[in-house]
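Report on the structure given below.
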Amino acid sequence: MFSWIFIFRLLQIPEFVSAFYYNISTCYYKISEEFHHEGDVVIGAFFPLHTFYSLKKMSHSTIPYYYLDNVIQYNFKNYQYILALQFAIEEINGNPNLLPNISLGFDFYNVRFTGKYIHINTFNWLTALGDGNYIPNYNCKKRNFTAALTGTSWITSAQIGTLLQLFKFPQISFGPYDLLLSDHGQYPYLYQMAPKDTSLSLAIVSLMVHFRWSWVGLILPDDHKGNKILSDFREEMESNGICLAFVKMTSETWTSYVAKFWENMDETNVTIIYGEIDSLEGIIRNIEQRLLTWNIWIMNIEHHVIDRADYFMLDSFHGSLIFKHSYRENFEFTKFIQTVNPNKYPEDIYLPKLWYLFFKCSFADTNCHVLENCQTNASLDVFPRHIFDVAMNAESTIIYNGVYAVAYSLHEMRLQQLQMQPYENQDGMVFFPWQVITFLLYFIVSSLVKDKRSLDWRQTIDTEYDILNIWNLPKGLGLKVKIGSFSANAPQGQQLSLSEQMIQWPAIFSEIPQSVCSESCGPGFRKVTLEGKAICCYKCTPCADNEISNETDVEKCVKCPERHYANREKSNCFQKSVSFLAYEDPLGMALASIALCLSALTAFVIGIFVKHRDTPIVKANNRALSYILLITLTFCFLCSLNFIGKPTKASCILQQTTFAVAFTMALATVLAKAITVVLAFKVSFPGRMVRWLMISRGPNYIIPICTVIQLLICGIWMATSPPFIDQDAHTEYGHIIILCNKGSAVAFHSVLGYLCFMALGSYAMAFLSRNLPDTFNESKFLSFSMLVFFCVWVTFLPVYHSARGKVMVAMEVFSILASSTALLAFIFGPKCYIILLRPEKNSFNHIRKKTPSRKKNFPKL
């Protein structure tokens, strides 16, 4: 039932508002805009309860500050200012301990215009002629004026202050704090009760940092306050990496028809609106009319605009956020509002207008201050929040405190008067307004007010803000819900407090909105700023190899430590696993198996040669050198196993020394066999020396000589720069490869060069004896095997230097096996073929048939 009543009231709101324009009673306009509440001491109140605004500012030809297209704008929420003033005065008048036997009153003047009309209202008050009929040098009743309350605009306070200071009249401004008004040289008797906005820019920027809004707009008044807050915002935003998409300054001559003003408004989802209610009223009204529902407005004001009737469900300001100074809630004021009605306060000319508009009352025909046909239970607390809020707002709180400051100042001055003249004028007060200034200044700065609370509360709330969220969906709900707070005095990281689950965002957003120029760079990427653009506009580029970024929007990636590697996403570093050419690896297992099989095959060939040692083919090719070569080849195959498995200091040394010595012996043996053949068949008339070499088997000494030379090279290598265990952390992703570093590249290449030199020498010797009789000739096989050996190791060098990690080790093992296999296959393969498969050719009878008789007797090999 309650929900239906609530919806019915919401639907009636446009009908209420439309009453501003249609079927208004003439009494509504006859009622004066000023009224008075009698008292022994009177406070002047200059409040903007309703104003006029102009659409095109069509100036009147004779009346200054008046426009022909003026439209009246009622700010119902501002009526709370009068109620706060009334409430404070009633409390003071009812307090027997404060200003006993003296009553406070007030004179209210509506601030509609600026300039001449404000000065007229001020002058009327000073002359005690509230109806504006000024009669020089005449006043029927003596009234004690004490101070003036002015606001909310700083312009209003400044214009009134220029007149009041001529009479040394104290003035209290309840509008937003302004640096110009704090100039006591220009405004010596003006005191500002509002707290300073010293931390507003920090508070708003903290909110943006929290939601990661880095691309925002800014709307400011084009005056000294706008320039000051713009400087503050720029400083805070630059230090937090937030950029301004646009800055729009509004002037007094601003109109909604300036199309350029609304350009680029859709570049960002978040826009800050800073200023006073009066200076931004036109902007806020136009935003409502344009239904800019995609934007989150962050404001320092509570807008009070109630415009023409409309039936839109959406509201431009639904989901917006308001920063306002933190005040303690006054529950007694809420109770007081529930009792307010036109009968209780007949002098209040505003209450009949409200009752007439919203409760369907009618004015009496004889008296416009008398209402008829009103609802019996009519009360201000039934109004929707967006029309009238029963909770005391910031301006009302300042008015309330300002009245108490005046009361305590008068009370202190009264006590001082009684101490100096105890028997004079005990029932009244006689003073000049300037006498109150000293006491008023004391109480505003440091004295106690009401509940023993210091007016130094400003020093606290200067840095404290409540954050309100506007709930206005459907339009007309008009709630402002506190969803957080900000305290600049709190420890770093605890200044902002938010209840995100309570925030209602604009209807277009289903989650927390984003407002960025460029999408965030996630982990694994870094920002690269774009030339000529703001720092918030950038592109994302992946981190370099082995670099990571585990946060968003980082400007520089971090390199992983030496023993760590970056994952594929480049968001984390992980410990690298140790790797080497192990026997368990498929490649290591294959190479080891091949080496063992070839070693076994060589041993098998040795067995064959031993078994058939007396056959012609074994004896004819220098049986002893064949045995030495086969045994050496076995060691060549087995030495490759030193390269497989986890490297140690001993294995690193053995790798190179065993390889060098074994292959040196093998090549020296081949060289000895080639030289033997050349000496036997190429020397037609052997001399004594050649004969001695043949008889004493001198070519066999080549083996130890060549081996000793290689040992010397290896000895120098091991003594100067021996191989050592090294780590390769870059070749294989996610692994640290342990391998043997050659130590001295010169020594390593010297060993290979020496082997290649021996291979070329053997090839040359074998090539010289290639045309000898086939029966005894193995020179062709020797030369071909040396050619293959040489090609293997020449090819090995570039491949070796281009390979890394385990592949480099595997290449060296493969070259060892390939070159050794070439020697085994090309030298001993044909012989084993004859011995095993063609035994008939391995006989002396076969040799005699194939070889013709020669005059020359060949020496026995």
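The values are calculated or read from the model by the stated rules, or taken from the named source; none is laboratory data. All values derive from a computational prediction rather than experimental measurement. Don't worry about glycine lacking a Cβ; one is built from the backbone with ideal geometry, like all the others, and counts go over all protein chains shown. The protein model used for the area step is the full one, side chains on, heavy atoms only, and it has no ligands, DNA or RNA in it. Shrake-Rupley method; radii C 1.70, N 1.55, O 1.52, S 1.80 Å.
The table below gives the values:
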| quantity | calculated |
| --- | --- |
| Rough spin-label spacing in nm, given labels placed 7 Å along Cα→Cβ, for T198 and E302 | 2.5 nm |
| Reciprocal mean inverse distance between Cα atoms of region 261-402 - Kirkwood radius, Å | 18.0 Å |
| Most to least accessible of Y191, Y327 (protein chains only, probe 1.4 Å) | Y327, Y191 |
| Peptides ranked, highest mean first, by Cβ atoms within 10 Å: ranges 39-47, 664-672, 163-171, 376-384 | 664-672, 39-47, 163-171, 376-384 |
| Solvent-accessible area of H36 with every protein chain in place, 1.4 Å probe, in Å² to the nearest 10 | 60 Å² |
| FRET efficiency, A378 to K482 (Cβ-Cβ, R0 30 Å, nearest 0.05) | 0.55 |
| Region 525-575: C-alpha pair distances exceeding 15 Å, % | 44 percent |
| Region 525-575, accessible area per residue, ligands and nucleic acids excluded (1.4 Å, Å²) | 70 Å² |
| Residue-count net charge about G217 - beta-carbon cut-off 14 Å; Lys, Arg +1, Asp, Glu -1 | -1 |
| Cut-off 20 Å, label 7 Å out along Cα→Cβ of R212, residues of region 540-571 by amide N | 540-543, 548-558, 569-571 |
| Built amide H within the under 5 Å cut-off of N572, gap 5+ | N567 |
| Solvent-accessible surface (1.4 angstrom probe) belonging to M420, in square angstrom, nearest 10 | 140 Å² |
| Sites E329 and N240 - FRET efficiency at Förster radius 35 Å, r taken between beta-carbons, to 0.05 | 0.60 |
| With DNA, RNA and ligands ignored, accessible area of H730 (1.4 Å probe; Å², nearest 10) | 140 Å² |
| Gain on full stretching of the segment that runs from V799 to E555 - 0.36 nm per residue minus C-alpha separation | 83.9 nm |
| Region 525-575, relative contact order in percent, only Cα pairs under 8 angstrom and at least six apart counted | 32 percent |
| Inter-label distance, nm, simple model (7 Å from Cα along the C-beta direction), V247/M718 | 7.8 nm |
| Region 525-575 - charge dipole about Cα centre, Lys and Arg +1 at Cβ, Asp and Glu -1, debye rounded to 20 | 60 debye |
| Sulfur and carbon atoms: percent of accessible area, region 525-575 [1.4 Å] | 49 percent |
| Extension gain, H184 back to I709 (0.36 nm per residue minus Cα-Cα distance, nm) | 178.6 nm |
| Sequence-distant residues sharing a close amide H with S173 (under 5 Å, placed H) | T150, Y191, Q192, M193 |
| Estimated inter-spin distance, A507 and K646, nm [label 7 Å along Cα→Cβ] | 7.1 nm |
| Calculated FRET efficiency for the pair F574/N264, C-beta based, R₀ 56 Å, to 0.05 | 0.75 |
| Largest-first ordering by accessible area, 1.4 Å probe, given options F486, F439 | F439, F486 |
